[in-house]
Amino acid sequence: MAKAAGRGCRVLYGIADLSDLFSNADIPEEVAALEVTGLGDTDRKYIVGLRAGTVSLSGFWDGAVDKIDEEVSASLASANGEVVTVAPEGLTIGNKAKVLKARSTRFAVGTPVDGVVSASLDIQADNGIRTGHILHALTAETATGQSASVDNGAATTVGGVAHLHATSVSQGTSGTLTVIIQQSTTNAFAGEETTLATFTIITGNTAVAETVTVTGTSARYLRAKWTQAGVGGTWTFAVAYGRR
């Protein structure tokens, strides 16, 4: 595995790409160590407990529409949390991604008299942080298509989380877009593939972000597929899938 420059990291927060406003991302994943030391033991013993994760982002404040102040402030009191994808190497298909449902717990703005207005955000992951891959880069699509497949190396059996970030949506005259994630055990995608996750049909002209929880087995090979219907439309979106 090649080393990567931090400048390639991308942060998708709900319907916004906030990558240019953050200059640092820390993503610690933790697991509780539960003590099971008995009376006859001479050393402390532990078993693995619950997993948890947090994200700390720091960078620059921007008060414009769909930028950090508007997007983060609106999500602080959200009962549903926010869909967050962090791609340490960027949003190229096949790159690793950290996916999580975010409970944003602290948003701070700093205004030094002789410096740049800063912003920092602390996030608690709800149901942990999952590691997976980017299946569709943040690019625009105007017609039905599918991405190249991504090889995970092996199938997994503990479910996963699918993320969709549609940051710009224009339906044209009456266009709609349906995005799914397909899986294959052979990488043929010649009729043997099945649907792993289906996102809500994108209609109208409103940007959307969605997370879909998957249970059971996720096959070794995955790809994104999108189907355009109606007349016209341009959709800029990214898709990621995280496994445990």
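The values are calculated or read from the model by the stated rules, or taken from the named source; none is laboratory data. Worth saying up front: this structure is predicted, and the values here are computed from it rather than measured. Reconstructed Cβ throughout: ideal geometry from the backbone, glycine too, with neighbour counts over all protein chains shown. Side chains are part of the model used for accessible areas, which takes the heavy atoms of the whole protein and leaves out ligands, DNA and RNA. Shrake-Rupley method; radii C 1.70, N 1.55, O 1.52, S 1.80 Å.
Consider only pairs whose beta carbons are under 6 Å apart and that are at least six residues apart or on different chains; among these, list those whose first residue lies in region 123-150 and is within 16 Å of Ile27 (Cβ to Cβ) and acidic (Asp, Glu) and whose second residue is in a strand (DSSP E or B) and open to solvent by 60 Å² or more (accessible area, probe 1.4 Å).
Cβ pairs passing all conditions: Asp126/Lys101; Asp126/Arg103.
Condition check ((1) in contact (Cβ under 8 Å) with a residue 60 or more places away in the chain; (2) within 19 Å of Thr139 (Cβ to Cβ)) across all residues:
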| residue | (1), (2) |
| --- | --- |
| Asn187 | no, no |
| Ile201 | no, no |
| Thr227 | yes, yes |
| Arg243 | yes, no |
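Being in contact with an Asp or Glu (Cβ under 7 Å, 6 or more places away or on another chain) and open to solvent by 50 Å² or more (accessible area, probe 1.4 Å) is the filter here; which residues of region 188-227 pass it?
Thr200, Arg220
Checking the conditions here, which among Leu34, Leu39 is hydrophobic (A, V, I, L, M, F, W, C), without any contact (Cβ under 8 Å) to a residue 24 or more places away in the chain and in contact with a Gly (Cβ under 6 Å, 6 or more places away or on another chain)?
Leu34
For region 138-177, what are the residues that are within 23 Å of Ala16 (Cβ to Cβ), among the β-branched types (Val, Ile, Thr) and over 18 Å from the mean Cα position of the chain (by Cα)?
Residues satisfying the conditions are Thr142, Val169, Thr176.
For the structure I just gave you, tell me whether Thr178 is without any contact (Cβ under 8 Å) to a residue 60 or more places away in the chain, of a type in the set (Val, Ile, Thr) and surrounded by 13 or more Cβ atoms within 10 Å (Cβ to Cβ).
Against the criterion (without any contact (Cβ under 8 Å) to a residue 60 or more places away in the chain, of a type in the set (Val, Ile, Thr) and surrounded by 13 or more Cβ atoms within 10 Å (Cβ to Cβ)), Thr178 qualifies.
I'm trying to understand the selection: among the residues of region 36-67, which are loosely packed, with under 10 Cβ neighbours inside 10 Å and either hydrophobic (A, V, I, L, M, F, W, C) or part of a strand (DSSP E or B) (or both)?
Leu39, Ile47, Val48, Leu50, Ala64, Val65
Of all residues being surrounded by 14 or more Cβ atoms within 10 Å (Cβ to Cβ), of a type in the set (A, V, I, L, M, F, W, C) and not in a strand (DSSP E or B) in region 1-35, which is nearest to the chain's Cα centre (by Cα)? Just the residue, please.
For region 1-35, the residue satisfying everything is Ile15.
What are the residues in region 1-48 that are over 30 Å from Ala108 (Cα atoms) and at pLDDT below 95, if any?
Answer for region 1-48, where residues must be over 30 Å from Ala108 (Cα atoms) and at pLDDT below 95: Met1, Ala2, Lys3.
Give the residue, chosen from Glu89, Glu70, that is open to solvent by 70 Å² or more (accessible area, probe 1.4 Å), touching a residue at least 24 places away in the same chain (Cβ under 8 Å) and charged (D, E, K, R).
Result of the check over Glu89, Glu70: Glu89.
What do you reckon, is Thr211 within 17 Å of the chain's Cα centre (by Cα) and not in a strand (DSSP E or B)?
For Thr211, the condition - within 17 Å of the chain's Cα centre (by Cα) and not in a strand (DSSP E or B) - is not met.
Please specify each residue of region 49-67 satisfying the condition of being in contact (Cβ under 8 Å) with a residue 24 or more places away in the chain and either within 21 Å of Thr111 (Cα to Cα) or not β-branched (Val, Ile, Thr) (or both).
The answer is Arg51, Ala52, Gly53, Ser56, Leu57, Ser58, Gly59, Phe60, Trp61, Asp62, Asp66, Lys67.
Checking the structure you have, find out if any residue of region 8-20 is closer than 20 Å to Ile68 by Cα and without any contact (Cβ under 8 Å) to a residue 40 or more places away in the chain.
yes
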